[in-house]
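I have placed the structure first, in the form of structure tokens, so that the comments after it can refer back to it.
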């Protein structure tokens, strides 16, 4: 694609990213939400993170693959325990990427 | 500080991938400056590389980032007394990562405006620094896979998710949502699975919470 067209596409992406971030804070700030809605919203972060993460770990080419060649899944098991034990984003990212790199070095996975 | 360190390798991975996918250096940097959304930027780079048209890229970005609306709404009650211009700036840099940190200290947000905004600025600064390093390295790195750079985003989500799972109900919610997202993805929903699984997962989690409290 032409770089000028990519430029305008990025501008469009910026608009559709900013509005959903902005409107709720402008219109709901300081309002007390009904307790049920507030409880629901508190569960959104774990839900959204899991929804983005889990398919990328389990699915390979349109089916669930837990074989040893699915490095993303096995590295995730270790990364989860690192995150759990040290509670460090940096350690989790470095260990995760390091394991995938190491696995590939030894010819495992994709 | 942890967010700074966590962001640099991921911004780096994005910069390298964008360079490899044929985005110009200026456009790669621009996206980190005006879009600032980790997963959407990775997805967009993939779409550009496969020759997807502008309308589809923008629509995908919208759907993938719609979750920020729920995140913004969940922080909003704590942003009491903030002026509109601070809200506008705060929202601009609201991402999965900054949101996770803010929501873990949400009770203090109304009095810690300066800290909250500086955290956002630091986060975007390190994202941009990572991007610039990635753009520079993109010409030097032949293939990203031996470095595991394509795993950066997933590893970051793992770190953030574990930080969010401080009660059994939250763990159950994450499992529901993750399973539903996987099933929808397998059924061929490659964009809307995130937002649908989030809504259904959080609702089921709320049901469990109410059921336990009874």
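Just so you know, all these numbers are worked out from the coordinates, no wet-lab data involved. Note that the structure is predicted; figures quoted are calculated from it, not measured. Here the Cβ positions follow ideal geometry from the backbone for every residue, glycine too, while neighbour counts run over all protein chains shown.
Data table
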item	result
Tilt relative to chain A, helix A:3-28 - C-alpha long axis, 0 to 90 degrees, to 10	60 degrees
Anisotropy class of chain B from Cα gyration tensor, a/c 1.5 cut	oblate
Modelled FRET efficiency - R0 25 Å, residue A:15 with residue B:122, Cβ distances, 0.05 increments	0.50
Protection-proxy order for peptides B:25-38, B:155-168, A:22-35, each taking the mean of Cβ atoms within 10 Å per residue, highest first	B:155-168, B:25-38, A:22-35
Separation in nanometres of the label points that stand 7 Å from Cα toward Cβ, at residue A:68 and residue B:26	5.1 nm
Residue mean of other protein chain beta carbons inside 10 Å, B:54-60	5
Degrees separating the helix B:54-65 axis from the principal Cα axis of chain B, which is the longest one	40 degrees
Residue B:80 paired with residue A:33, simple spin-label distance in nm, labels 7 Å along Cα-to-beta-carbon	1.6 nm
Modelled FRET efficiency - R0 30 Å, residue A:26 with residue B:34, Cβ distances, 0.05 increments	0.95
Principal-axis tilt of helix B:2-20 within chain B, Cα atoms, nearest 10 degrees	40 degrees
Within 10 Å of each Cβ in B:86-95, the average number of Cβ atoms from other chains	4
Residues A:81, A:56 arranged by fewest to most Cβ contacts within 10 Å	A:81, A:56
Cα gyration tensor shape for chain A, rounded if a/c is under 1.5, else prolate or oblate	oblate
Other protein chain Cβ atoms within 10 Å, averaged over every residue that makes up B:201-211	4
Packing-based ranking, highest mean first, of A:64-76, B:101-113, A:38-50 given that Cβ atoms within 10 Å are counted	A:38-50, A:64-76, B:101-113
For the range B:114-177 and the range A:37-92, distance of Cα centres in Å	12 Å
Residues B:185, B:92, B:151 arranged by fewest to most Cβ contacts within 10 Å	B:92, B:185, B:151
